[in-house]
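S.K.: This is the structure I have questions about; it appears just below.
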Amino acid sequence: MTGTPRHEVLAGWAAAEVEAALTVPADRSAGAFFDIDNTMMQGASIYWFARGLAARKYFTTADLARFAWSQLKFRLLAREHRGDMSHAKQAALAFVKGWSVGELRRLSEEIFDELMAERIWSGTRALAQLHLDAGQRVWLVTAAPIELGQVMADRLGLTGALGTVAEIDQGVYTGRLVGDLLHGPAKAEAITALAATEGLDLSRCTAYSDSANDIPMLSLVGHAVAVNPDTALRREARHRNWEVRDFRTGRKAAKIAVPSALGTGMVIGAVLATAAVRRRQSR
């Protein structure tokens, strides 16, 4: 009977010691928060999710194109205001009414793998990894359904996600929201609550976004980074001396213009409420 050679045993011990020495201790009081749409990924997650639903015949691609055009005009000609967000809130998650939690999770996983994974900005993903490598926790923060955000966080190896929460009754979605859409100031409020629960020192935390809508979130932390910023956020970042990272080229920026316009506001109600109607009609 022959045992393991002594030099192999010693090599194994040495490797284990090196690995232990290189392990970064958890930095429990610092973390990072990443917006998703046009920050972590090209375009709007809810748009690509709707594309995936259209491919599965929940509604038509013609519906998707019409909503895309109407939302682009909306973003170019008007600013979101309280009434628009109120309408969006009422219809935001109507499309999941009657779905099981497992069904939404399955669709989110399938559509992320098919349409979203390849649209993750490698530069932003690398920034998230820097925080993880430093022993910090990293959350995605999105107005999209929390289930979709959590799937993205899982696939990217991040800590978790904050997102819009749908009411669940006996494992089935009611179509109503729990609280508000996670948009604008609501993101800052959610991060503040998470920091209190997790013992985070917000002055040591970092936030990343592309949109001026997220100025409340960016203002909350010690280090704000504008990623692929819109005009208003770029101006604000210059004024406040915030860091700016832009991973776009001119061509990529043009390609994602329409999907990006679908990230917030009425599209959450319009596109996905239509999906609900199509789905019910097909039953």
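S.K.: Show me 205-216, 228-239 ranked by packing, highest mean number of other Cβ atoms within 10 Å first. Could the numbers behind the result be given before it?
M.R.: Details: 205-216: 23.4, 228-239: 16.5.
Packing proxy ranking, top to bottom: 205-216, 228-239.
S.K.: Taking K and R as +1 and D and E as -1, what net charge do the other residues with C-beta under 10 Å from the C-beta of Val244 add up to? Don't skip to the end; give the middle numbers.
M.R.: On the way: positive: Arg234, Arg238, Arg245; negative: Glu243, Asp246.
The answer is +1.
S.K.: Give me, ordered by chain and number, the residues 5 or more places off Leu140 or on other chains with an amide H under 5 Å from its own placed amide H.
M.R.: Phe34, Gly160, Ala161, Leu162
S.K.: Here is a follow-up. Please sort 154-164, 189-199, 133-143 by packing, taking for each peptide the average over its residues of neighbouring beta carbons within 10 angstrom, highest first. Don't skip to the answer; put the middle values down first.
M.R.: On the way: 154-164: 19.5, 189-199: 14.7, 133-143: 21.5.
With the highest mean Cβ count within 10 Å placed first, the list reads 133-143, 154-164, 189-199.
S.K.: Let me ask another. Rounded to the nearest 0.05, what FRET efficiency do Glu103 and Thr231 have when you use their Cβ-Cβ distance and R0 = 41 Å? Working shown, then result.
M.R.: Working: r = 39 Å, r/R0 = 0.96.
Using R0 = 41 Å, I get an efficiency of 0.55.
S.K.: What nm distance separates the two modelled labels at Asp154 and His223, each placed 7 Å from Cα along Cα→Cβ?
M.R.: 3.0
S.K.: Enter the Cα centre distance for the pair region 124-177 and region 185-210, rounded to the nearest angstrom.
M.R.: 14
S.K.: Follow-up question, since we're still on this one. Give me the one-decimal nm value for the distance between modelled label points at Ala117 and Arg28, 7 Å along each residue's Cα-to-Cβ direction.
M.R.: Going from the Ala117 label point to the Arg28 one covers 3.5 nm.
S.K.: Just add up the charged neighbours of Gly199: K/R +1, D/E -1, any other residue whose Cβ is under 15 Å from the Cβ of Gly199. Please report the intermediate quantities before stating the final value.
M.R.: On the way: positive: Arg28, Arg137, Arg204; negative: Asp27, Glu198, Asp201.
Local charge sum for Gly199: 0.
S.K.: Pulled fully out, how much extra length does the chain show between Arg56 and Thr197, if you take 0.36 nm times their separation in residues and subtract their Cα-Cα distance? Walk me through the numbers before you get to the answer.
M.R.: Values: separation 141, 0.36 × 141 = 50.76 nm, distance 3.91 nm.
Between Arg56 and Thr197, full extension yields 46.8 nm more.
S.K.: Across 5 Å bins from the origin, how do the percents of Cα pairs in region 154-240 run, short distances first?
M.R.: Reading upward from the zero bin: 3, 13, 19, 21, 19, 14, 7, 4, 1, 0.
S.K.: Right, next: For Ala126 and Glu110 in one chain, what is 0.36 nm times their gap in residues minus the Cα-Cα distance, to one decimal in nm? Spell out each step's value before the answer.
M.R.: Numbers: separation 16, 0.36 × 16 = 5.76 nm, distance 2.36 nm.
Gain on stretching Ala126 to Glu110: 3.4 nm.
S.K.: May I pose another question? Arg204 versus Val244, label points 7 Å from Cα toward the beta carbon: distance in nm?
M.R.: With each label placed 7 Å out from Cα toward Cβ, I get 3.1 nm.
S.K.: Give me Phe34, Phe112 sorted ascending by neighbouring Cβ count inside 10 Å, so fewest comes first. Write down the numbers at each step before the final one.
M.R.: Values: Phe34 28, Phe112 23.
Final ranking by Cβ density, sparse to dense: Phe112, Phe34.
S.K.: What is the fewest-to-most order of Lys97, Lys57, Lys187 by other Cβ atoms lying within 10 Å of their Cβ?
M.R.: On the way: Lys97 17, Lys57 10, Lys187 26.
Final ranking by Cβ density, sparse to dense: Lys57, Lys97, Lys187.
Bear in mind these aren't lab numbers, they're just calculated from the coordinates by the rules spelled out. These numbers were taken from a predicted model, which means no experiment stands behind them. No Cβ is skipped: glycine too gets one built from the backbone with ideal geometry, and neighbour counts run over all protein chains shown.
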